[in-house]
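The values are calculated or read from the model by the stated rules, or taken from the named source; none is laboratory data. This structure is a prediction, so every number in the text was calculated from the model and none was measured. Please note: Cβ atoms are built from the backbone with ideal geometry, for glycine as well, and neighbour counts cover all protein chains shown.
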Amino acid sequence: MPLPLETPVLRDRFRGTLLGLAAGEALGAPADFLTAEQIEERFGVITEMLGGGCHGVQLGEATDATDMMLCLAESLADTAGFHPEDIMHRYLAWFESGPRDVSLTVRTVLLSFRSGTHWDLASRRAFEILGSPAAGNGSLMRCAPLALLFCGDAEARHVASQRESTLTHFERLAGWACVAFNDLLDAAIAASCARTCPPSPTPSTRKTSASAPPCARRWRPSRKKSRARRSSSTPCARRSGRCCAPTPTRKPCASP
């Protein structure tokens, strides 16, 4: 379903999505592979572009996430659609250009593809070679262009997000992360997320439960009701001392 937005507004939000990804990655590149404690000790709070880090980046320089995102975006634009084989060839061309950083999973996939493995089987072969979980965040970092191409079309967006992720990450968990992230992007672009999801509680609202939004207040049964229900609850619930009343769930952000 088309979004109820004027074309100039959509274009501006599309640009903001891609520029935000590139700027955010460049901002965090010097802190790659550091723990939160190490980041705080070395940089404090990162609020401006820095250089260095394990990649030795220059000020404002991005790494593999932005590079692969651009490969995906250019393929979608040049072919006017989602064509996985074309995307894989662009990833390989990028890899052969000698990028500063390539993750182990992506490197293994592209080496396998270059050596003759079919493009649609390379991630499975890499999974067999590495012998370890392959649900990293590499496909998540680059998937945003799919949210733009399929903005307002949840079914096509879900299929493409999963499919594109499997080009380098064989485990479907990585693909589901892309699906969830692109759904959030779709909601943000449509400006519907703020209307359906109340803001997270701040420290002050946590102390004053009455001022917190309903979804932020944790539901708890009264002690009297809890005691009355224990006798009729399941054995497992009686052992844990918890009642079986369902906890209200927070309504998720819905795409338009």
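Quick notes
- Among residues of region 86-97 being surrounded by fewer than 13 Cβ atoms within 10 Å (Cβ to Cβ) and of a type outside the set (S, T, N, Q), the one that is nearest to Leu121 (Cα to Cα) is Ala93.
- Leu76 vs. criteria of a type outside the set (Gly, Ala, Ser) and either modelled with pLDDT under 90 or part of a loop (DSSP other than H, G, I, E, B) (or both): no
- Scan of region 163-178 for residues that are surrounded by fewer than 19 Cβ atoms within 10 Å (Cβ to Cβ) and assigned to a helix (DSSP H, G or I), ordered by number: Arg163, Arg172, Leu173, Trp176
- Segments classed as helices (runs of 4 or more DSSP H), wholly inside region 98-151, with at least 1 members that are more than 22 Å from the chain's Cα centre (by Cα) and crowded, with 22+ Cβ neighbours inside 10 Å: 104-114, 122-130
- When Asp64 is tested against (1) surrounded by 18 or more Cβ atoms within 10 Å (Cβ to Cβ); (2) closer than 19 Å to Ala147 by Cβ; (3) acidic (Asp, Glu), only condition (2) is not met.
- All of (1) buried (at least 18 other Cβ atoms within 10 Å of the Cβ); (2) assigned to a helix (DSSP H, G or I) hold for Leu50 with one exception: (2).
- Leu19 being at pLDDT 85 or above, closer than 25 Å to Ala187 by Cα, of a type in the set (A, V, I, L, M) and assigned to a helix (DSSP H, G or I): yes
- The residue that is surrounded by the most Cβ atoms within 10 Å (Cβ to Cβ), counting only those in region 13-45 that are touching a helix residue (DSSP H, G or I) at 6+ places or on another chain (Cβ under 6 Å) and not polar (S, T, N, Q), is Leu21.
- Condition broken by His158, with the remaining ones in (1) crowded, with 21+ Cβ neighbours inside 10 Å; (2) under 16 Å from the mean Cα position of the chain (by Cα) satisfied: (1)
- Screening the candidates Ala80, Ala126, Ala65 for the property of being of a type in the set (Gly, Ala, Ser) and within 22 Å of Gly24 (Cβ to Cβ) yields one hit, Ala65.
- Residue pairs meeting the criteria (Cβ under 8 Å; at least 6 apart or on separate chains; first modelled with pLDDT of 95 or more, in region 88-99; second surrounded by 15 or more Cβ atoms within 10 Å (Cβ to Cβ) and aromatic (Phe, Trp, Tyr)): Met88/Phe113; Met88/Trp119; His89/Trp119; Leu92/Phe113
- Taking region 79-97 as the range and being part of a helix (DSSP H, G or I) and of a type outside the set (Phe, Trp, Tyr) as the test, the residues that pass are Thr79, Pro84, Glu85, Asp86, Ile87, Met88, His89, Arg90, Leu92, Ala93, Glu96.
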